[in-house]
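A short reminder: the numbers here are calculations on the coordinates, not readings from a lab. Quantities reported herein were computed from a predicted structural model and do not represent experimental measurements. Glycine also receives a Cβ, built like all others from the backbone with ideal geometry; neighbour counts cover every protein chain displayed.
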Amino acid sequence: MIENKESIEALLPEISLIKDEELRQKTMEIWWEAIKEGGWRVADLERIPFTLLISGTEINLITHVRAVTLCSLRLAETIEHFYPGVISVNRDIVLAGAILHDVGKLLEIQDPQPLGEAATSSYFWGYFSLPLRSSSGNNSHYCWPFERRR
């Protein structure tokens with residue numbers, strides 16, 4: 001696999017669902033910067049565990065990000081289905097947010113190792129945010145923060 005920003009889209013094809021070209025490119029750029037800064041290679045990404053809380057997990061970060069992305073898209077579609085004309089969801093923002101939700105793990109996880117072996121991290125945090133727009137044009141965000149220190 002060629003190591004460049006575009007190779008990320010091969011691992012995360014859901015990036016292509018982002019219609020806004022600028023947002024799609026920025027999403028890939030953030031992944032690329034985290035890969036470089038974390039000392040990883042694109043080929044390493046499928047070996048990174050999706051969590052450090054489950055010892056020996058066979059679920060990797062890429063599979064997890066793809067699953068969360070598709071779940072988030074279906075959630076957005078479901079919200080618009082049940083609240084037609086009341087809530088509209090910007091799907092591009094939902095997709096970018098889901099694709100980026102764990103990109104920080106590339107900087108937090110240390111000692112690249114085969115999937116399932118112990119990895120280490122001293123601190124990780126995150127949040128889930130769903131941007132909503134009501135029919136009156138008001139914007140709001142529902143955020144659920146979480147934090148864990150080790």
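For Lys5, a cut-off of 17 angstrom between C-alpha atoms picks up these lysines, skipping any fewer than 8 places away in its own chain: Lys26, Lys36.
Electrostatic tally near Lys5: other residues with Cβ closer than 12 Å to its Cβ, Lys and Arg +1, Asp and Glu -1, net -2. Of all aspartates and glutamates in the structure, the ones whose alpha carbon falls short of 15 Å from that of Lys105, not counting any fewer than 8 places away in one chain, are Glu33, Glu37, Asp44, Glu46, Glu147. Karplus-derived 3J(HN,Hα) values for the stretch 72-88, using 6.51 cos²θ - 1.76 cosθ + 1.60 with θ = phi - 60°, are 5, 5, 5, 4, 4, 4, 5, 4, 5, 5, 7, 10, x, x, 9, 10, 10 Hz; glycine and proline are entered as x.
When you filter the GluC sites (Glu not before Pro) in the stretch 15-75 for DSSP loop state and at most 13 other Cβ atoms inside 10 Å of their Cβ, you are left with Glu58. Qualifying trypsin sites (Lys or Arg not before Pro) in the stretch 1-42, where qualification requires a DSSP coil assignment and no more than 16 other C-beta atoms within 10 Å, comprise Lys5, Lys19, Arg41.
In order along the stretch 8-15, phi translates into HN-Hα couplings of 5, 5, 5, 7, 10, x, 5, 4 Hz, rounded to whole numbers, per the Karplus curve 6.51 cos²θ - 1.76 cosθ + 1.60 with θ = phi - 60° and x for Gly and Pro.
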